[in-house]
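Down below is the structure, laid out as structure tokens.
The values are calculated or read from the model by the stated rules, or taken from the named source; none is laboratory data. Since this is a predicted model, take the numbers as computed values, not measurements. Heads up, the Cβs are rebuilt from the backbone with ideal geometry, glycines too, and the neighbour counts pull from every protein chain shown. The area values use the complete protein model at the heavy-atom level, side chains included, leaving out ligands, DNA and RNA. Shrake-Rupley method; radii C 1.70, N 1.55, O 1.52, S 1.80 Å.
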Amino acid sequence: MDYDQFFTRALEALKSERRYRVFADLERVVGDFPRAIRHTAAGAQPVILWCSNDYLGMGHHPDVVDAMANTARRMGAGAGGTRNISGNHHPIVELEQVLATNHGKQAALAMNSGYIANWAGISTIAKLLPDCLILSDAGNHNSMIEGVRAAGRERVIFRHNDLVHLEELLARAGRDRPKLIVFESVYSMDGDVGPLHGICDLAKRYQAMTYCDEVHAVGLYGSHGAGYAEEIGAMGRIDVIQGTLGKAYGAHGGYLAGSASLIDAVRSHAPGFIFSTAMPPGVAAAALASVRHLASSQDERRLHRLAVGRTKAALASRGLPMLANETHIVPVMVGDSALCKAASDRLLETHGIYIQPINYPTVARGTERLRITPTPFHDEALIAHLADALDEVWSHFGLDRAGTAAAAE
Ligand SMILES: *Cc1c(COP(=O)(O)O)cnc(C)c1O
């Protein structure tokens, strides 16, 4: 049997749909962000990153890099095992304390990624609640969808951000049945935000638990960087807050924050936590340095917003079809997977700008886009360069401008 033919066929299917992904071979250089080096068969070339989720450049912050390097030198590279077997290394204990405090919760639990935090967190919480009904926003991230599936509980999907639909489903379930509402604060592809207060009002009325993914908001919003819920005064109303340490915090890992008993129950029951080696001490120390820094410093958030505002204004002045939103994510709509890939390729080859095309299944077909993420390090010259480059690419391919693209009203 030629097993490889099945893999080849699977790849051909992706290629024929123009969904096959090629990853750029990049080397980020401390001190030069968002400039990076791209390795190609023809040699190394400089590129400017415009799609990093290291939203604040914290991955290169001297305190964060020093914490990682110094801790590795003192405590070694790896954690040495699962926490069940090898115990907690000290930086992860400190990290969890700081995360809990930052979110105003009794406890926090670090996990090896935000993905695992969602998958293990949602499935474990729902399994521990007898006959739990999970109510999940239609726009939720794959890690939440997989967590909902793994719970093996009844689930219903409510239309994205639709409080009327959510209330209908809650009312049908009744007040007495355990219910878990799972949703995000900042949705990463459209950059829109969830109606957190509205969801919490309904949760209170129908006695449901609330679980919010703040992956694209922690570090970035709120006066302590605790997220969008902090920014709008909803943090105390949400039962479980999930976040990542790998995006705006610039390190790696994920976590849950909530009541002491909930966090202890997840720690004690979640296989995705129990059976996996802990994050390395250096990684925990780097995350800790970043969380601490962003809990007091407002500079990064202020400069980030400035760069986002400037980028949106520059792109709007060229008539580029942005999806309007109130956050830091700048989606520029293309609406076709082949053109989206071609636009991305041309930006890279002709203009030295790296923006990965966002195609199905990450977004719905027909809403393919370039997802641009300005950082505090994208200055006015870089923003002007981006606007010129996009303008040229849009003209070259005859792409729709603002007002002509259906998806961009
Ligand atoms: C990236 C992402 C995750 C996963 O977090 P990682 O730390 O990268 O594993 C979870 N939720 C959302 C919405 C994400 O975009």
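Hydrodynamic estimate: the Kirkwood radius of the range 74-116 over Cα pairs, inserted into Stokes-Einstein at 4 °C and 1.567 mPa s, corresponds to D of 112 µm²/s.
Solvent exposure of the range 1-133, expressed per residue, is 55 Å² of accessible area, with all protein chains present and a 1.4 angstrom probe. Taken per residue, the accessible surface of the range 163-281 reaches 33 Å², heavy atoms only and a 1.4 Å probe. Normalised by 2.2 N^0.38 Å, with N the number of residues, the alpha-carbon radius of gyration of the chain equals 1.01.
Put ARG267, ARG302, ARG401, ARG172 in order of accessible area, highest first, and with a 1.4 Å probe you get ARG172, ARG302, ARG267, ARG401. Spatial offset of the range 30-62 relative to the range 168-221 amounts to 35 Å, using the alpha carbon center of each. Secondary-structure-derived ellipticity at 222 nm for the chain, considering helices only, amounts to -13500 deg cm²/dmol, per-run term -39500 (n - 2.57) for DSSP H runs with n ≥ 4. Given a 1.4 angstrom probe, I'd like the percentage of the accessible area of the range 14-93 that is carbon and sulfur, rounded to a whole number. Its accessible area is 52 percent carbon and sulfur atoms. A cut-off of 5 Å between modelled amide H atoms, ignoring neighbours fewer than 5 places along the same chain, links ILE353 with ILE48, LEU348.
Taking the DSSP beta bridges with both ends in the chain, the antiparallel portion is around 60 percent.
Accessible area per residue for the range 292-345 is 41 Å², calculated with a 1.4 Å probe on protein heavy atoms, without ligands, DNA or RNA. For the set VAL334, VAL47, the ranking by accessible area, highest first and with no ligand, DNA or RNA atoms included, is VAL334, VAL47 under a 1.4 Å probe.
Annotation note: chymotrypsin sites (Phe, Trp or Tyr not before Pro) in the range 263-371 located in DSSP loop regions with a Cβ neighbour count of at most 11 within 10 Å are PHE275.
Note that the range 130-147 has calculated 3J(HN,Hα) couplings of x, 6, 5, 9, 9, 10, 10, 5, 5, x, 5, 5, 3, 5, 6, 4, 5, x Hz, one per residue in order, obtained from phi through the Karplus relation 6.51 cos²θ - 1.76 cosθ + 1.60 (θ = phi - 60°); glycine and proline are x.
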